[in-house]
Amino acid sequence: MITEGRGISELNNKIKKSLIEFSPESKQLQFFKHIIYKTLDNEINANVSQTYTYLRSFNSSDEIFLKEALEKYEVRKEYQNLLDFNISKFKVDIKINNIDFNEFNQILIKNGADSFLDFIGEKNIDKYIDNWFKIIKSSIKKLLRKQNSIIKEVIEDIDTMNNYSTEYPISERAILNYNEYLKENLKQ
């Protein structure tokens with residue numbers, strides 16, 4: 001699937017560049033393009049960051065509450081729905097509508113993504129789609145795991161903030177010394 005020895009970020013950049021160039025007309029390929037884009041590392045990381053902000057906005061360190069809030073989060077629901085996407089139906093839809101991936105493959109090859117993805121140009125459409133969905137599902141699972149781990153980070157940050165105090169113990173003597181020193185150093 002992905003050739004060893006090269007950076008994943010380089011692959012993501014090549015795929016992203018290819019997706020920008022690719023302008024499919026069929027709704028099936030538009031959907032396909034969109035889910036590949038949504039599962040690129042930079043999109044996953046952006047969504048993890050947004051998840052932190054979302055959970056942090058509740059200002060709660062209650063783990064159960066935060067888990068429930070995460071399950072209601074629209075971004076999470078969308079990715080979870082993609083895990084349940086009916087790939088078999090998608091394959092049938094592609095075949096019934098005589099859709100091919102030639103244009104997309106040519107763009108991927110031109111941008112060098114084929115040196116990372118050994119299935120580019122695969123003639124068997126089922127295998128081709130299965131390979132892409134392996135990558136897509138793996139990225140979605142990575143996002144969901146990261147979102148789960150964000151809860152712990154939010155709790156730690158909330159607890160740290162709640163234990164922070166701006167209290168500064170001041171004695172009468174310290175105030176007198178401060179005022180004295182201030183008077184001595186005023187510009188005359």
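State the volume of the convex hull built on the alpha-carbon positions of the stretch 37-127, expressed per residue in Å³ and rounded to an integer.
133 Å³
If we count every other residue with Cβ under 13 angstrom of LYS146's Cβ, Lys/Arg +1 and Asp/Glu -1, where does the sum land?
Residues near LYS146 contribute +2 overall.
Using θ = phi - 60° and the Karplus curve 6.51 cos²θ - 1.76 cosθ + 1.60, what whole-Hz ³J(HN,Hα) does each residue of the stretch 112-126 get, with Gly and Pro shown as x?
Listing the rounded values in order: x, 6, 5, 6, 9, 10, 6, 9, 4, x, 4, 6, 7, 4, 4 Hz.
Hey, can you grab everything whose amide H is under 5 Å from the amide H of LEU117? Only 5+ residues off in sequence or another chain; H modelled, so Pro and N-termini drop out.
THR3
Using the Karplus equation 6.51 cos²θ - 1.76 cosθ + 1.60 (θ = phi - 60°), what ³J(HN,Hα) coupling, rounded to whole Hz, does each residue of the stretch 49-65 give in order, writing x for Gly and Pro?
Per-residue couplings from phi come out as 4, 5, 5, 4, 4, 4, 5, 5, 5, 7, 6, 10, 10, 7, 4, 5, 4 Hz.
What full-extension length gain, to one decimal in nm, is calculated for ASP100 and ASP62 as 0.36 nm per residue of separation minus the Cα-Cα distance?
Full extension of this stretch gives 8.7 nm more.
Using the structure shown, list the pairs from LYS14/LYS91; LYS33/LYS91; LYS95/LYS142; LYS89/LYS110 with a Cα-Cα distance above 23 Å, or answer none.
Values: LYS14/LYS91 25 Å; LYS33/LYS91 15 Å; LYS95/LYS142 30 Å; LYS89/LYS110 30 Å.
In this structure, LYS14/LYS91; LYS95/LYS142; LYS89/LYS110 exceed 23 Å between Cα atoms.
Under a crude label model (7 Å from the Cα following the beta-carbon direction), how far is SER9 from SER23 in nanometres?
3.1 nm
Each value in this text was obtained by applying a stated rule to the coordinates, not by laboratory testing. This structure is a prediction, so every number in the text was calculated from the model and none was measured. Using ideal geometry, Cβ is built from the backbone for each residue, glycine included, and neighbour counts are taken over all protein chains shown.
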